[in-house]
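K.L.:
Sharing a structure, written as structure tokens. Questions coming.
The values are calculated or read from the model by the stated rules, or taken from the named source; none is laboratory data. Note that the structure is predicted; figures quoted are calculated from it, not measured. Cβ coordinates were reconstructed from backbone atoms using ideal geometry, including for glycine residues, and neighbour counts include every protein chain displayed. Surface areas here come from the heavy atoms of the whole protein model, side chains and all, with no ligands, DNA or RNA. Shrake-Rupley method; radii C 1.70, N 1.55, O 1.52, S 1.80 Å.
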Amino acid sequence: TLFLFTQYRQFVLGDSPLATGARFIPMAAVTMVVAPSSARIVERVGTKAVVATGLGLTSLALALGTFLTADGGDLPLLGVLLIMSVGMGLTMAPATESIMGSLPLAKAGVGSAVNDTTRQVGGALGVAVMGSLLASAYGSKMTDFPAGLPLAVPDAAASAIEDSVGAAVNIGAGLPGPAGNALTSAAQSAFVESMGTSLWVASGVALIGAVIALVALPA
């Protein structure tokens, strides 16, 4: 999701890389507060309820992300990130503790390694699957657009426009007048719509995770 939202901030909302990074600081700050507090909540209601709730909030945040628009500004995305950070803060610490707490002390290193491996593999799969969904949907929306521009676009540029919103925005900035504005607007709209498709899938995966935690995770 951060992989998609980073591009959304830079190529759709027009932030610099540094400004984009700064916009994610509130998410980190909320997670830093919520994650340590999750242990106290677990003591009251149990791991199962806390992890399921956290994944449910993450699913909700991802679903809300599908309503982001090309001209939505800062606040809608900030709201999505804050809800997601609460959900992730509630999820990660108790889920990790449930793994580590199920092992004898002598196996702590093995448990930590397995936990980190599954997290890294999951992150890589998330980028691959969500990125592929976005690229496929974006490419299909932009396939015929270069041919409709009033100015001839070289084949290499047309291919880049279909492959990347960043390339499309850069090429649009170099085209004169209405043609450049039309290309930039179309690429940004196509990216946002395609990002919404990926976020719906991610929201569904998180919701399935919440159900599995509710059913199978020890309390």
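K.L.:
Can you tell me how many residues within the stretch 6-39 are more than 25 Å from residue 98 (Cβ to Cβ) and either surrounded by fewer than 17 Cβ atoms within 10 Å (Cβ to Cβ) or of a type outside the set (Asp, Glu) (or both)?
P.N.:
21
K.L.:
Can I ask one more? Could you tell me whether any residue of the stretch 123-144 is surrounded by fewer than 17 Cβ atoms within 10 Å (Cβ to Cβ), in contact with a Pro (Cβ under 9 Å, 6 or more places away or on another chain) and part of a loop (DSSP other than H, G, I, E, B)?
P.N.:
Taking every residue of the stretch 123-144 in turn, none turns out to be surrounded by fewer than 17 Cβ atoms within 10 Å (Cβ to Cβ), in contact with a Pro (Cβ under 9 Å, 6 or more places away or on another chain) and part of a loop (DSSP other than H, G, I, E, B).
K.L.:
When you look at residue 189, is it among the small types (Gly, Ala, Ser), open to solvent by 30 Å² or more (accessible area, probe 1.4 Å) and modelled with pLDDT of 90 or more, yes or no?
P.N.:
Here the answer is yes, as residue 189 does meet what is asked.
K.L.:
Quick test for you: out of 172, 177, 111, pick the one residue that is over 25 Å from the mean Cα position of the chain (by Cα) and loosely packed, with under 14 Cβ neighbours inside 10 Å.
P.N.:
177
K.L.:
Still on this structure, I have one more. Give me a count of the residues in the stretch 176-199 that are under 26 Å from residue 85 (Cα atoms) and in contact with a Leu (Cβ under 8 Å, 6 or more places away or on another chain).
P.N.:
Total meeting the criteria: 8.
K.L.:
Also: If you take the residues in the stretch 40-69 that are surrounded by fewer than 17 Cβ atoms within 10 Å (Cβ to Cβ) and among the hydrophobic types (A, V, I, L, M, F, W, C), which one is farthest from the chain's Cα centre (by Cα)?
P.N.:
Among residues in the stretch 40-69 that are surrounded by fewer than 17 Cβ atoms within 10 Å (Cβ to Cβ) and among the hydrophobic types (A, V, I, L, M, F, W, C), the one farthest from the chain's Cα centre (by Cα) is 45.
K.L.:
Additional query: Kindly indicate whether any position in the stretch 114-122 is within 22 Å of residue 2 (Cα to Cα) and surrounded by 13 or more Cβ atoms within 10 Å (Cβ to Cβ).
P.N.:
Yes: one or more hits.
K.L.:
To continue, here is another question. Here's a check for you: in the stretch 193-219, which residue that is buried (at least 22 other Cβ atoms within 10 Å of the Cβ) and under 15 Å from the mean Cα position of the chain (by Cα) is farthest from residue 70 (Cα to Cα)?
P.N.:
Taking the candidates together, the pick is 206.
K.L.:
Can you name the condition, by its number, that residue 162 falls short on among (1) buried (at least 19 other Cβ atoms within 10 Å of the Cβ); (2) closer than 17 Å to residue 66 by Cα?
P.N.:
For residue 162, the failing item is (2).
K.L.:
Then there is this: Just wondering, is there one or more residues in the stretch 70-84 that are assigned to a loop (DSSP other than H, G, I, E, B), open to solvent by less than 40 Å² (accessible area, probe 1.4 Å), within 27 Å of residue 192 (Cβ to Cβ) and in contact with a Ser or Thr (Cβ under 6 Å, 6 or more places away or on another chain)?
P.N.:
Within the stretch 70-84, one or more residues are assigned to a loop (DSSP other than H, G, I, E, B), open to solvent by less than 40 Å² (accessible area, probe 1.4 Å), within 27 Å of residue 192 (Cβ to Cβ) and in contact with a Ser or Thr (Cβ under 6 Å, 6 or more places away or on another chain).
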